[in-house]
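Novice: Structure below; questions to follow.
The values are calculated or read from the model by the stated rules, or taken from the named source; none is laboratory data. Remember, it's a predicted structure, so these values are computed and weren't measured experimentally. Quick reminder, even Gly has a Cβ in these numbers, built from the backbone with ideal geometry, and neighbours come from all protein chains shown. To get the accessible areas, we keep the full protein, side chains included, count just its heavy atoms, and leave off ligands, DNA and RNA. Shrake-Rupley method; radii C 1.70, N 1.55, O 1.52, S 1.80 Å.
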Amino acid sequence: MRRTLIPDLVLDAHGARSGVGVTIEDGRILKVGLATEGEHLSGRALAPGFVNDHSHAFQRGLRGAVERIDPARPHDDFWTWRERMYALAEGLTPDSIRRSSRRCYEEMLSAGYTSVTEFHYVHHRPDGTSYRDPNALAKAVAVAAEDAGIRLLLLPVAYARDGLARFRDTSVQSFLHRVEALREWAERRPLVEVGVAAHSVRAVPLGWLEEIGTYARREDLPLHIHADEQEREIEECLSEHGVRPVELLVQAGFLGPDTTVVHATHADARELDLLAEHGASVCACPTTEGNLGDGFLPAEAILARGIRLSVGSDSHARIDPFEELREIETNARRLSGRRNVLLAESETSPTPYLLRAGWGDTGLKKGDPADLIEINLSHPALADVEAENLPPALVFGSGSQVVVGTRVDAQNVCAPDDTGG
Ligand SMILES: [Zn+2]
């Protein structure tokens, strides 16, 4: 069915236009252009949905529960948080991971994310033995995404050592065998795509990184890995391999245009040069990095090198795409003592750069999936904001509460009534 949506404003990274309709058919955008005939969305702006490029959906179960210290261990940091997270992961079942993932994905949709990259590493029974279906937990997560109606890039994550027994595979071959089976299963599921990931240079040895990198390239798959989130991880990599994490990824042949390095918080200049040379991307997760005390994204250096940037809500301490984008720029301001820091070439505001990072694109255009969000222009956060100032007002002066409708694949998955808007 073909329909044309005519909101008060259609938003792109640079501004907002009126008198524009978005025609959608078979789940795709057929046309964005001047229109008078169609369904008028009064008091609304229409924008692309956000891409949440890094998620561990089950970790939403820690929300609020980890914001106090254990008096027996007054020094609380990333590593003590991780033990709390392991305890949660230890208790997951296929049913419970499906329920908690669905809740997380529904919150994402209501906040304006229309697709999510799930970095999934809880694979086996708590004792490390396989479920009868070795992909039972990954499939439970995929079905949760389908139940919620969010687009999913599912990344089965290789984990070789440390962590919990249920994270680990016994060999890289058995891991890749599971990836193959999962890809075959997902072929008939229109909202689900499967890529591949390695957890980190801490959890995965060099030989595995080489095999996984080769496999991803041969199969043309998105390839992700955590790197440089914490100083300790870099020290351990230096003592084991004599090089820093991104340098090790280069040695392993892991970096390429389809590789995304998650965090890169403590990446040094040489590592950032290597990411740029290999065309790899960085996924920043500012609200989680703040919550865990990771540090600051080297955002200015990433921008200067032309490294592609995306964002993720990672541990889901908070789910709000506008807040992730805002933190990237406000952290850069705190670090530099300047304002309007992250300016792409020939731009005078950081807003377009930030929105492109959030959308993975510049705006709505013909051929894109019809993954759209509706913004309530009469929300108190946006009242009296001029149309030309709407994009920066969203990034710097509002939050996910202004999102009152979400469509994925042209289907209404989160209507105004669901959000109280
Ligand atoms: Zn992560």
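Novice: Looking at the range 230-251, which of the residues that are assigned to a loop (DSSP other than H, G, I, E, B) and surrounded by fewer than 22 Cβ atoms within 10 Å (Cβ to Cβ) is farthest from the ligand (Cβ to nearest atom)?
Specialist: Gly242
Novice: Looking at the range 37-49, can you tell me whether even one residue there is surrounded by 14 or more Cβ atoms within 10 Å (Cβ to Cβ), under 26 Å from Glu233 (Cα atoms) and touching a helix residue (DSSP H, G or I) at 6+ places or on another chain (Cβ under 8 Å)?
Specialist: Checking the range 37-49: not a single residue is surrounded by 14 or more Cβ atoms within 10 Å (Cβ to Cβ), under 26 Å from Glu233 (Cα atoms) and touching a helix residue (DSSP H, G or I) at 6+ places or on another chain (Cβ under 8 Å).
Novice: Quick test of your reading of the structure: His124 fulfils all but one of (1) in a loop (DSSP other than H, G, I, E, B); (2) open to solvent by less than 40 Å² (accessible area, probe 1.4 Å); (3) over 23 Å from Leu182 (Cβ atoms). Name the failing condition by number.
Specialist: Evaluating His124 over (1) in a loop (DSSP other than H, G, I, E, B); (2) open to solvent by less than 40 Å² (accessible area, probe 1.4 Å); (3) over 23 Å from Leu182 (Cβ atoms) leaves (3) as the failure.
Okay, residues lined up against (1) free of Cβ contacts under 8 Å to residues at least 40 places away in the same chain; (2) more than 16 Å from the ligand (Cβ to nearest atom); (3) open to solvent by less than 30 Å² (accessible area, probe 1.4 Å); (4) closer than 23 Å to Ile373 by Cα:
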residue: Leu303; (1), (2), (3), (4): no, yes, no, no
residue: Ser313; (1), (2), (3), (4): no, no, yes, yes
residue: Arg318; (1), (2), (3), (4): yes, no, no, yes
residue: Glu323; (1), (2), (3), (4): no, yes, no, yes
residue: Thr330; (1), (2), (3), (4): yes, yes, no, no
residue: Ser346; (1), (2), (3), (4): yes, yes, no, no
residue: Leu354; (1), (2), (3), (4): no, yes, yes, yes
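Novice: Among the residues in the range 261-271, are any more than 13 Å from Pro298 (Cβ to Cβ) and away from the ligand (no atom under 16 Å from the Cβ)?
Specialist: No.
Novice: Then there's this: Report yes if Thr362 is closer than 19 Å to Arg17 by Cα, modelled with pLDDT under 95 and within 23 Å of the chain's Cα centre (by Cα), otherwise no.
Specialist: The answer is yes for Thr362.
Novice: Would you mind finding the one in Gly337, Gly295, Gly290 that is in contact with a His (Cβ under 7 Å, 6 or more places away or on another chain) and either away from the ligand (no atom under 16 Å from the Cβ) or open to solvent by 20 Å² or more (accessible area, probe 1.4 Å) (or both)?
Specialist: When all the criteria are applied, what remains is Gly295.
Novice: Then there's this: Would you mind stating whether Arg17 is open to solvent by 70 Å² or more (accessible area, probe 1.4 Å) and more than 16 Å from the ligand (Cβ to nearest atom)?
Specialist: The answer is yes for Arg17.
Conditions (1) more than 21 Å from the chain's Cα centre (by Cα); (2) loosely packed, with under 15 Cβ neighbours inside 10 Å, marked per residue:
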residue	(1), (2)
Asp8	yes, no
Asp12	no, no
Leu34	yes, yes
Val51	no, no
Arg68	yes, yes
Asp77	yes, yes
Arg82	no, yes
Met85	no, no
Thr93	yes, yes
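Novice: What number of residues within the range 54-66 satisfy the criterion of being open to solvent by less than 20 Å² (accessible area, probe 1.4 Å) and touching a Cys at 6+ places or on another chain (Cβ under 7 Å)?
Specialist: Here the count works out to 2.
Novice: Looking only at the range 332-359, count how many residues are over 19 Å from the mean Cα position of the chain (by Cα) and either within 15 Å of Ala304 (Cα to Cα) or not charged (D, E, K, R) (or both).
Specialist: 15
Novice: For Ala197, state whether it is assigned to a loop (DSSP other than H, G, I, E, B) and in contact with a strand residue (DSSP E or B) (Cβ under 9 Å, 6 or more places away or on another chain).
Specialist: Answer is no for this residue.
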